[in-house]
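Enquirer: Take a look at this one; I'll ask things after.
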Amino acid sequence: MAIFGLGSRSSRQASLVSRASRNKRDDNSSQPIWRVFGLVIGLSILLATFLLFSQRQWKSDQLRSVVIIHSLGDEVRQSLTLVVVRPENKVQVIAIPPDQVIETPFGYGSYNSDALAGLTQLEHLKWSFMAYSLSLEYGVGIDGFIWAENNQSITQLGQIKGLVSRSLISQRPTTLVFWDRLTLWLKLQRVPAYQLEVVNIKPYLDKTNNRLDQSRYDRWAELYLQDQHIRESDYSVIVQNDSGIDGYAQRVGRMLRLIGYYVRGLETIETSQNSEIITDQTTGWPLQRLESIMTVFSKRKDRQLLQEKRSNAIIRLGENQKDLLKD
């Protein structure tokens, strides 16, 4: 009996050892699956982080501006508010008069400002067309649009903060990428309430035709709206016109001067049909701002040509710009 009991215990121990060995093998076989799964999750997080950071365009020490489109569900008439966020923690608000007549580029004609959004949608144009039209008019780079749900005038900083906050969590439509929305939101948190300047643009309109009186407006804009960093950089630009549109180089040159660039010259050429920005090897905010305004332009570097022209950049206005702005 003792021998029989000893044999039974031995067999049970062998069975337990065998079962433990199988469980260990099963655990070992499942480990590679969990490792692969963890690796996939880790790589996904890294990819999402990379894509998020690669969208980053804004820095808090740069002058940036957005346009608020007051839609109210009306696709034809949508009033506009220009919001300029300055590096010195100050915000300028320009309520664009709805009846102000603005000349759009490329032969689309002149329209009241509250019809620009509808024109952009009706003609199936990119939003960069509308941004470019406003940049030509006011001499300030437009970085994007945010749609508001009402037509209420912007008179308090909290209104802008609230709208940007809702766009940050995708409750309001916007053309800004996530990182730029976040940078804008963080920047606005550092702006004191008393640093909001509401600019009345109506005194700068010609009462006979409701167009901007450029002689008076430009004097004000050069003093109070200009990008100081670009002006102090002495970044020089030559504008070459091959678009076939009379006076187009003058409009672009005026815009660049108001922003703060040193416009070295305006030329008419017949050697290129492509719209492009020719730069040297330098980088920095003046070049970045230039490229953000001319978003559809191709870019290339030609140091020898720029040395001959004694300029930092050449903007060639080609015949294809109108097609490039179509959606």
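Enquirer: Summarise the long-distance tail of P(r) for the range 270-327 by giving the % of C-alpha pairs beyond 19 Å. All intermediate terms of the calculation are to be shown ahead of the outcome.
Expert: Values: 488 of 1653 pairs.
Beyond 19 Å sits 30 percent of the P(r) for the range 270-327.
Enquirer: Follow-up. Using θ = phi - 60° and the Karplus form 6.51 cos²θ - 1.76 cosθ + 1.60, what ³J(HN,Hα) does each residue of the range 195-210 get, whole Hz, x for Gly and Pro?
Expert: 8, 9, 10, 9, 9, 8, 8, 4, x, 9, 9, 6, 5, 6, 9, 6
Enquirer: Determine, for Phe297, Phe106, the number of other Cβ atoms within 10 Å of each Cβ, and report the residues in order from fewest to most.
Expert: Values: Phe297 21, Phe106 17.
In order of increasing Cβ crowding within 10 Å: Phe106, Phe297.
Enquirer: Would you please put 112-125, 247-260 in order of how densely packed they are, using the mean number of other Cβ atoms within 10 angstrom per residue and starting with the highest?
Expert: 247-260, 112-125
Enquirer: Determine ³J(HN,Hα), in whole Hz, for all residues of the range 217-233 in sequence, where each value follows from phi through the Karplus function 6.51 cos²θ - 1.76 cosθ + 1.60 and θ = phi - 60°; x replaces Gly and Pro.
Expert: Values, residue by residue: 5, 4, 4, 5, 5, 5, 8, 10, 10, 5, 7, 5, 5, 5, 4, 6, 7 Hz.
Enquirer: Sorted from largest down, what three extents in whole angstroms do the Cα atoms of the range 58-225 have along their principal axes?
Expert: Answer, in whole Å and largest first: 41, 35, 26 Å.
Enquirer: What Kirkwood hydrodynamic radius do you get for the range 226-327 when you take the inverse of the mean 1/r over all pairs of distinct Cα atoms, in Å?
Expert: Numbers: mean 1/r = 0.0734 Å⁻¹.
After inverting the pairwise mean of 1/r, the radius is 13.6 Å.
Throughout, read-outs are computed from the coordinates displayed, never taken from laboratory work. Please read these numbers as outputs of a predicted model, since none were measured by experiment. Backbone-built Cβ (ideal geometry, glycine too); neighbour counts: all protein chains shown.
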